[in-house]
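Below is one structure, written out as structure tokens, with a few remarks after it.
The values are calculated or read from the model by the stated rules, or taken from the named source; none is laboratory data. Because the structure is predicted, anything quoted here is derived from the model rather than measured. Because the Cβ atoms are built from the backbone with ideal geometry, glycine has one as well, and the counts that use them run over all protein chains shown. Note: accessible area is taken over every heavy atom of the protein model, side chains too, but ligands, DNA and RNA are not part of it. Shrake-Rupley method; radii C 1.70, N 1.55, O 1.52, S 1.80 Å.
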Amino acid sequence: MAATRKKAAPADEQGVQGFELQAFAVQLRRLTGEINRFAHEFAAHQGLHATDVQALGAIMDAPSPLTPGRLGEHLGLTSGAVTACLDRLERAGHIRRVRESPDRRVVHLHYLPEARTTARAHFLPLAQATARAQEGFTPDELLSTLRLLRAVSDELESLNKRH
């Protein structure tokens with residue numbers, strides 16, 4: 001039996017629901033801020049821009065190799081900005097552009113293994129902190145939290161696509 005998603009009361013209602021929504025928003029901003037600190041520090045150490053780190057994350061997380069066009073759509077960048085970003089990432093040794101399709105016009109982006117190792121080393125404290133934070137939760141609580149984070153991400157992605 002599939003789990004059903006319980007609908008929350010509208011956010012504009014008075015009382016507990018509004019308080020919970022506000023508290024949740026505050027914690028999301030705190031979390032985003034702390035993760036961004038790690039990302040900005042990594043960018044500075046690598047001679048990259050913050051957008052370059054976002055691009056690396058998108059390339060790494062994609063289920064199949066991204067094209068520059070799909071990366072630009074994901075990040076909301078123009079083709080010229082994507083080209084500049086990819087040039088920086090390639091010069092810094094983080095990615096490789098490969099024409100591996102029968103259509104030689106198609107370029108795929110690959111995160112280089114050595115660069116991935118460098119990124120993992122930098123972000124290891126973040127992973128360790130996350131593991132420590134998870135210790136206080138049951139597997140069911142963690143699954144519920146993961147479902148919530150996915151749902152919020154999906155909603156935000158949908159919202160951003162409309163703008």
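Determine whether the range 91-107 contains at least one residue that is out of contact with any His (no Cβ under 9 Å at 6 or more places or on another chain), without any contact (Cβ under 8 Å) to a residue 12 or more places away in the chain and surrounded by 12 or more Cβ atoms within 10 Å (Cβ to Cβ). Steps first, please.
Taking the range 91-107 first, the residues out of contact with any His (no Cβ under 9 Å at 6 or more places or on another chain) are 91-94, 102-107.
Of the ones still in play, those that are also without any contact (Cβ under 8 Å) to a residue 12 or more places away in the chain are 91, 102-105.
Imposing the further condition that a residue be surrounded by 12 or more Cβ atoms within 10 Å (Cβ to Cβ) reduces the set to none.
There is no residue in the range 91-107 that is out of contact with any His (no Cβ under 9 Å at 6 or more places or on another chain), without any contact (Cβ under 8 Å) to a residue 12 or more places away in the chain and surrounded by 12 or more Cβ atoms within 10 Å (Cβ to Cβ).
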query = So which of 155, 141 ends up being open to solvent by 60 Å² or more (accessible area, probe 1.4 Å), out of contact with any His (no Cβ under 7 Å at 6 or more places or on another chain) and modelled with pLDDT under 95?
reply = 155
query = Taking into account only those residues within the range 29-50 that are open to solvent by 50 Å² or more (accessible area, probe 1.4 Å) and in contact (Cβ under 8 Å) with a residue 24 or more places away in the chain, which is nearest to residue 152 (Cα to Cα)?
reply = 35
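Considering only the range 61-81, state which residues are touching a Gly at 6+ places or on another chain (Cβ under 9 Å) and not in a helix (DSSP H, G or I). Give the derivation first.
So the first thing to find is which residues in the range 61-81 are touching a Gly at 6+ places or on another chain (Cβ under 9 Å), and the list is 78-79, 81.
The one that is touching a Gly at 6+ places or on another chain (Cβ under 9 Å) and not in a helix (DSSP H, G or I): 78.
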task = Hey, can you tell me all the residues within the range 70-87 that are over 16 Å from the mean Cα position of the chain (by Cα), open to solvent by less than 40 Å² (accessible area, probe 1.4 Å) and not aliphatic (A, V, I, L, M)?
result = 85
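Which one of 132, 147 is within 27 Å of residue 29 (Cβ to Cβ), more than 18 Å from the chain's Cα centre (by Cα) and either of a type outside the set (S, T, N, Q) or at pLDDT 95 or above (or both)?
On the way: 147 fails: more than 18 Å from the chain's Cα centre (by Cα).
Exactly one residue qualifies, and that residue is 132.
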task = For the range 19-69, enumerate the residues that are closer than 30 Å to residue 104 by Cα and more than 15 Å from the chain's Cα centre (by Cα).
result = 48, 49, 64, 65, 67, 68, 69
inquiry  = Let me confirm something: among 84, 44, 58, which residue is closer than 22 Å to residue 160 by Cα and part of a helix (DSSP H, G or I)?
reply    = 58
ask   = (1) part of a strand (DSSP E or B); (2) over 21 Å from residue 71 (Cβ atoms): which one isn't true of residue 110, the others all being true?
value = (2)
